[in-house]
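Student: I have a structure I would like to understand better, so I am pasting it below and will then ask my questions one at a time.
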Amino acid sequence: MSDQAREAQLRRAGWRLMASTVRPQRTWVILGVGAGAVWTSAKIVIPAFAGAAIDDGITPGDGGVILKYVVLILLVGLVQAGGTALRRYSAFRISYRAETDLRQRLFAHLQRLHFAFHDQAQTGQLMARANSDIQQVNQVVIMLPLTISNIIILLGTVAVMMLKSVALALLALGTLPLLGYFATRFSHRIAPVSLALQQELGDLSGVVEESVAGVRVVKGFGAERRQEARLTIEADSVLDRALVAAKMRSNFLPLVDFLPAIALVAILWYGGHLVLDNKLQIGDLLQFNAYILMLIWPLRLTGMLVAQSARSAAAAGRIFEILETDTAVVDPPHPKPLPPTGHGELRFESVRFGYSSGKPVLDGFDLTVQGGEAVAIVGSTGSGKTTVARLLPRFYDVTDGRVLVDGVDVREVALHDLRRSIGIVFEDTFLFSDTVSANIAFAVPDAPLEAVRAAARLAGADEFVVDLPDKYDTVIGEQGYSLSGGQRQRIAIARAVLADPRVLILDDATSSVDPTKEHEIRAALQQVMQDRTTLIIAHRAATIALADRVVLLDAGHIVAEGTHHELLENSEMYRQILAQGTTDPGASTEPERTRP
Amino acid sequence: MRPAKGGTVSAPWGSIFLDEALSRDEAERVLKRLWRMLRPWRLRIFISALLIVGQTACVLAGPALVGHGIDDGLKVNNPDKLNLYASLYLGVAVFALVMGRLSIRAVARIGETFLRELRVRVFRHLLSLGMEFFEREKTGRLVARLTSDVEAMQELVQTGLTMFIQNILVFVGALIAIFLTSWQLALFTLVVVPPVYVASRWFRRASNRAYLDVRERIGTNLATLQEGLAGVRVVQAFGRERAFTRRFNETNEAQYDANIKTARIATRYFPVVEYSGVLGIAIIIGVGGWLVDAGTIKIGVVLSFVLYLNSLFEPVQQLSQLYNTLQSAGAALHKLFDLLDTKPSIAERSGAIDLPPVGALEVDEVSFGYAHGPDVLHSVSLTVAAGERIALVGPTGAGKSTLAKLVTRFYDPRSGVVRFGGTDLRDATIQSLRERIVVVPQEGYLFAGTIRENVRVGRPEATDAEVDAALEALGVRERFSLLPEGLETEVRERGSRLSAGERQLVSLARAALADPALLVLDEATSNLDPGTEQAVERALEALTAQRSVVVVAHRLSTAARADRIAVIDHGNLAEVGTHDELLRQEGRYASLWASWTAAQSVRAS
Ligand SMILES: Nc1ncnc2c1ncn2[C@@H]1O[C@H](COP(=O)(O)OP(=O)(O)O)[C@@H](O)[C@H]1O
Ligand SMILES: Nc1ncnc2c1ncn2[C@@H]1O[C@H](COP(=O)(O)OP(=O)(O)O)[C@@H](O)[C@H]1O
Ligand SMILES: [Mg+2]
């Protein structure tokens, strides 16, 4: 599909999305439209009363008539005030509700989308969808009721004008189709530009984000100039796009004032000559004039709405694009339960898997882990260890082959059940900006503090947590107290332990733990691993030795297995990966030489 | 940075919105400074202001011309006058069209180029600030400076400013017009001003407060959103999608509630203003009728008052609505100025000199503590000879990374001196400092872009061949070339396309490319398998034969390969010496080593 066709399609989808978001607010839309109509009518009636008061009261000097109209004006004024209150409130209410609902929908969907989607997506862009794009949508929704009542008034006025003088009405209204034409053209042209502008703004914030988050690298390598150059490029493209958009606005917006003015000129000139030829009353001319003046504001609003609606539809289209993305990893239609008595037996059967773009990472991967067994996966950097771990909780689905937990294919189990029975400690530790206890109790939020502490003790975290300013209530994460890498890893281990899973996966979970703690962590892990199946990915012999069995991963499948010592003896590759036993004439302090 | 005026600091954006309301004083200072900053644009601003005034005048002139056409043309049967006024109107309309077009372009050019300058300037300043600034400020807040704060001004630039000027013009014009027409009736009409004034004052205060609340809730909501995205993998891993969606629902609905509160305030205010307008018409009719009766004014005056009244009230309403836009733009500028006023703690001294190409590193009686905290390093002295390789070991929190940060001048010591090749780092040019001394942090932080671009961060002017050579020298080029797109593979945000170890390899390749005199590796190899780690270290050693290396390591096998080992404990240099010397001393290192080797040889139970 061509880009343009896709864009048009997305815009249409955007309109549908906006409609479906506003639909639940029907009642308020009707109220708002009604209030808008009442309000506008009152605004028309009051000057008419004023005119009547001048003609029938002030001119003949009739105090009673004047008083009557003053009272009438004040009464209709009350209606106008009520109308404006209701129309404003309903407009706000509709748009805020729509905004909130749409954002909620988007968030819920993003939470469900599969890992591969999040691998590709940029946080900055997703944030822009949920924030500035939704605000764009909002701008149209908030004008909706008033615009509908404006259109009603417009049609009414047109009818009245037609009744008075068809020729003059046509002349006066002749510019309207032109306005419509320009508005449509404008909206078509500005949509891609505003899309591009939004994109550039997203890229710009991406550069800022990475420079701030990666400031250690920026400063460490003196890369300030490089980042500044990148930002300047982005800022320049934002400038370019913004100027193009401004140029388009400048071609359109003044027309919104100009075209009605042309109508006024036409009425004055043509109508004036009609009056001079005695074919029209001067009062009628004044009235036409008044009508056009009255139409200017609704027309201008409608013009603005048209201009905005193009941006909004594009924004809604971008949101739709995410909402229409289906989760690749879904619950099976008829989920099977995991056998309640299972001990977490794992089986990988000729598994083949590759990430979307690349060649297979795993190919012919076979592994069986008995329930309660602990198996260590060892392999060189990038050999696919983490990938193996990711297939078990179905973060990705295998391309070929099967993964079974307690004899059931993971694709046949309800996702929630599957994931709750597997606890994983990621190699990149992510902690939420919340208290220590909330982080540890992430999977079981109502866990009593005792259970939290018990898990922390098992993970070797309790000892440093009690030294924190507010102990278990200390807020950590990006907004809180900064912990060292090793401390973060221990909190993450506690989090997985508290979930009490059947299967525990430790992906390089001790890489930042310092050697003085090595011993304690070892003892703790040993306890944690009791009574459950454990997959350990590690590079340290001390951690690997916790496993009953070690498998060596290379070229996408297992090339050797045995105990740590068996592999040390038998596998050259294993020794090489662990940097043990290789002859190394250069280094005088090679650990092996000092080993007892 | 000005501290927030209280309130919760639960969200990265939360706290910055608390100090939104500027006092009159602050607003004045912000405006003055803005005007100073706008110096290069002043002529253009003046011209655009003229254009806007001209355009507004043209738009306003229209109805008057119609009136004249009717009075002087139609009523007295003068077709020439009619034609004249009709063509005048046409001319004025065309003029308004042209000026409208020009003014939109001119204002956009001023505003957008100004914002571009501001972005670049603030960003440049931001990067010049010291590490302690970045450790104090949260990423989200700093990003917000260059995004939402600058964008808060964008709205003003696009439509707000022009509307602001136009409305003031219309208001003042209408005011002058009614007084010129009949000052008596004008005075009576102004009776409606006090209620409008009181209501507007209430509205401004109430909406300001409600608006601050909205901004804060938005901040909290955005923080939840961002965390939900950043942590989505953890959320899914523990099957907490629903709970997290509920949590978002709470902050999202809180934002809705705050928004609805502002809607309620507007719902109360605008009926009062509109009714005051109606009251004005009633007064004009009643009092005007009386004045006509008394012969003070003519009927036509009453008619034109009714018409003008609208021009008085429309702008008041528009301006009330614009007020929030102005307010938030002012607050945003204020925050940006604050940032620009923050002095870089690590600045180049005047008369700074380049560091020598090679030399020894001397840490001389250095003490250091973060911010106002206690010392975390106590009078540490350590010398690393040119070409020497030294390992820092010690428990977490001992101060190893802190020492690494001082050696690279991320911070300056509280007392003592760090010298390279005999020159105090504080006397060195920043440029030469960053070239000679390079630190590779633990998280292999990658920027969005290709592998090649990421390696090139080490030396921006390096050619492709040099980048490839650096990768080759580390022995990792083949590994990356095997990827489908080879070295041109996009690593994606934070390098999520690569495995954790591969990210560390890329960041090590940067160091190889930079080829510094002193290389500091702060746990830069923790995610590598020991085999790769050893190979990489050897490669680095070979590359840096004449260079010094300081390596912070958690694997003692890594430390053991260094020329000397320094044990840091509680901010003190506890022991220093070669592996064998330290083992013989039977001190801290020896016992660490014993338990390490014991752990290595444990038989699985
Ligand atoms: N999200 C991803 N998208 C595409 N490729 C990936 C992704 N994650 C890892 N890879 C690639 O898959 C291979 C295996 O990675 P991984 O399983 O993380 O290795 P290990 O954990 O053994 O270091 C690597 O070559 C890596 O580049
Ligand atoms: N940015 C910081 N602000 C305040 N205190 C810090 C900061 N970074 C580290 N510290 C403190 O300084 C001490 C030394 O930390 P660090 O140098 O990171 O130790 P190590 O690298 O040996 O683990 C610790 O007590 C730590 O809490
Ligand atoms: Mg891995």
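Taken together, the values in this text are just the output of simple stated rules run on the coordinates, not laboratory data. Note that this is a predicted model, so its numbers are computed, not measured. Neighbour counts run over all protein chains shown; Cβ positions are idealised from the backbone, glycine included.
Student: Taking the dipole about the Cα centre of chain B, with the C-beta of Lys and Arg at +1 and of Asp and Glu at -1, give me whichever of B:VAL234, B:ALA398, B:VAL551 is farthest to the positive side.
Tutor: So the residue furthest toward the plus end is B:VAL234.
Student: May I pose another question? Between B:ALA574 and residues 5 or more places away or on another chain, which pairs have amide H atoms under 5 Å apart, with H built 1.01 Å from N, and which residues are they?
Tutor: Here the answer is B:VAL567, B:ILE568, B:ASP569, since their amide H atoms fall under 5 Å of that of B:ALA574.
Student: Also, I was wondering about something else. Angle between the Cα long axis of helix A:134-164 and the longest principal axis of chain A, 0 to 90 degrees, nearest 10?
Tutor: So the helix axis and the longest Cα principal axis differ by about 20 degrees.
Student: Need one number: % antiparallel among DSSP beta bridges in the protein assembly as shown, to the nearest 5.
Tutor: If I count the DSSP bridges inside the protein assembly as shown, around 50 percent turn out antiparallel.
Student: What are the ³J(HN,Hα) values, in whole Hz, obtained from phi via the Karplus relation 6.51 cos²θ - 1.76 cosθ + 1.60 with θ = phi - 60°, for each residue of the range B:97-110 in sequence order, with x given for Gly and Pro?
Tutor: So the Karplus estimates, Gly and Pro as x, are 4, 5, 5, x, 4, 5, 5, 4, 5, 5, 4, 4, 5, 4 Hz.
Student: How long is the gain from B:ARG268 to B:SER591 if the chain were fully straight, where each residue apart is worth 0.36 nm and the alpha carbon distance is subtracted?
Tutor: Extra length available between B:ARG268 and B:SER591 comes to 108.7 nm.
Student: Further question: Given the peptides B:399-405, A:518-524, arrange them by the average over their residues of other C-beta atoms within 10 Å, most packed first.
Tutor: The peptides rank, most packed first, as B:399-405, A:518-524.
Student: Can you list residues whose amide H is under 5 Å from A:HIS557's amide H, if they're 5+ apart or on another chain and H is modeled 1.01 Å from N?
Tutor: A:ASP363
Student: Ok, one more. Using the Karplus curve 6.51 cos²θ - 1.76 cosθ + 1.60 with θ = phi - 60°, what ³J(HN,Hα) values do you get for each residue of the range B:581-594, in whole Hz, with x for Gly and Pro?
Tutor: 4, 5, 4, 5, 5, 6, x, 4, 4, 4, 6, 4, 5, 4
Student: So, one more: Rounded, prolate or oblate: which one fits the range A:426-557, using the alpha carbon gyration tensor with axes a ≥ b ≥ c (rounded when a/c is under 1.5, else prolate when a/b beats b/c, else oblate)?
Tutor: Here the range A:426-557 falls in the prolate category.
Student: With a ≥ b ≥ c the root eigenvalues of the C-alpha gyration tensor of the range B:80-222, is it rounded (a/c under 1.5), prolate (a/b larger than b/c) or oblate?
Tutor: Here the range B:80-222 falls in the oblate category.
Student: Using the charge dipole of the range B:11-340 (Lys, Arg: +1 at Cβ; Asp, Glu: -1 at Cβ; taken about the Cα centre), state which of B:SER48, B:VAL272, B:LEU180 has its Cα farthest towards the positive end.
Tutor: B:SER48
Student: Under a plain spin-label model, where a point goes 7 Å from the Cα along Cα-to-Cβ, how far apart in nm are B:SER87 and B:SER345?
Tutor: A separation of 7.5 nm, rounded to one decimal place.
Student: OK, next. Note the angle between two axes, namely the Cα long axis of helix A:26-52 and the longest principal axis of the Cα atoms of chain A, as a number of degrees from 0 to 90, rounded to the nearest 10.
Tutor: Once rounded, the angle reads 30 degrees.
Student: Another question, if that's okay. In whole Å, what are the Cα extents of chain A along the three principal axes, biggest one first?
Tutor: That gives 121, 50, 48 Å along the principal axes, largest extent first.
Student: Kindly put B:LEU355, B:LEU38, B:LEU118 in sequence by how many other C-beta atoms sit within 10 Å of each C-beta, fewest to most.
Tutor: Result, fewest neighbours first: B:LEU38, B:LEU118, B:LEU355.
Student: Let me ask you something else. I need the phi-derived Karplus couplings for the range B:513-524: 6.51 cos²θ - 1.76 cosθ + 1.60, θ = phi - 60°, integer Hz, Gly and Pro marked x.
Tutor: 5, 5, 6, x, 7, 10, 10, 10, 10, 9, 6, 7
Student: Compactness ratio of the protein assembly as shown: Cα Rg over 2.2 N^0.38 Å, N = residue count?
Tutor: Rounded to two decimals, the normalised Rg is 1.12.
Student: Suppose every K and R has +1 on its Cβ and every D and E has -1 on its Cβ; what is the size of the dipole of the range B:11-340 about the Cα centre, in Debye to the nearest 20?
Tutor: Rounded to the nearest 20 debye, it is 820 debye.
Student: Can you tell me how the range B:233-366 classifies by the Cα gyration tensor, rounded, prolate or oblate, using a/c under 1.5 as the rounded cut?
Tutor: Oblate shape, in that a/c is at least 1.5 and b/c is the bigger or equal ratio.
Student: What is the order of A:TRP39, A:TRP28, fewest Cβ neighbours within 10 Å to most?
Tutor: Final ranking by Cβ density, sparse to dense: A:TRP28, A:TRP39.
Student: Order A:77-85, A:542-550 from most to least packed using the mean count of other Cβ atoms within 10 Å.
Tutor: Most protected by this proxy first, the peptides run A:542-550, A:77-85.
Student: Please average, across the residues of A:105-116, the number of beta carbons from any other chain that are within 10 Å of each residue's own beta carbon, and give a whole number.
Tutor: Per residue, the number of nearby Cβ atoms from other chains is 5 on average.
Student: With axes computed from alpha carbons, what is the tilt in degrees of helix B:42-68 against the longest principal axis of chain B, rounded to the nearest 10 within 0 to 90?
Tutor: Between helix and principal axis, roughly 30 degrees.
Student: Peptide A:534-547: average number of partner chain Cβ atoms within 10 Å per residue?
Tutor: Neighbouring Cβ atoms belonging to other protein chains average 4 per residue here.
Student: Compute, for chain A, the length of the dipole vector about the Cα centre, with Cβ point charges of +1 (Lys, Arg) and -1 (Asp, Glu) only. Units Debye, rounded to 20.
Tutor: Using Cβ point charges on Lys, Arg, Asp and Glu, chain A gives about 2560 debye.
Student: Taking amide H positions as placed 1.01 Å from N in the peptide plane, with prolines and chain starts having none, which residues 5 or more places from A:VAL475, or on another chain, fall under 5 Å of its amide H?
Tutor: When sequence neighbours closer than 5 places are left aside, the close amide H contacts are A:TYR481.
Student: Could you size up the charge dipole of the range B:289-374 around its Cα centre, putting +1 on the beta carbon of Lys and Arg and -1 on that of Asp and Glu, and report it in debye to the nearest 20?
Tutor: Using only the charged Cβ atoms, the result is roughly 680 debye.
Student: With point charges of +1 on the Cβ of Lys and Arg and -1 on the Cβ of Asp and Glu, referenced to the Cα centre of chain A, which listed residue (A:THR327, A:PRO448, A:VAL369) lies farthest in the positive direction of the dipole?
Tutor: Towards the positive end, the residue furthest out is A:THR327.
Student: What does DSSP give for chain B in terms of the percent of beta bridges that are antiparallel, rounded to the nearest 5?
Tutor: 50 percent
Student: Then there is this: Per the Kirkwood formula on distinct C-alpha pairs, the Rh of chain B is how many angstrom?
Tutor: Computed over chain B, the radius equals 30.3 Å.
Student: Would you mind giving the mean number of other chain beta-carbons within 10 Å of the Cβ of each residue in A:490-502, as a whole number?
Tutor: Counting Cβ atoms of other protein chains within 10 Å of each residue's Cβ and averaging gives 1.
Student: How would A:SER165, A:SER95, A:SER194 line up from fewest to most surrounding beta-carbon atoms within 10 angstrom?
Tutor: Exposure proxy ranking, most exposed first: A:SER165, A:SER194, A:SER95.
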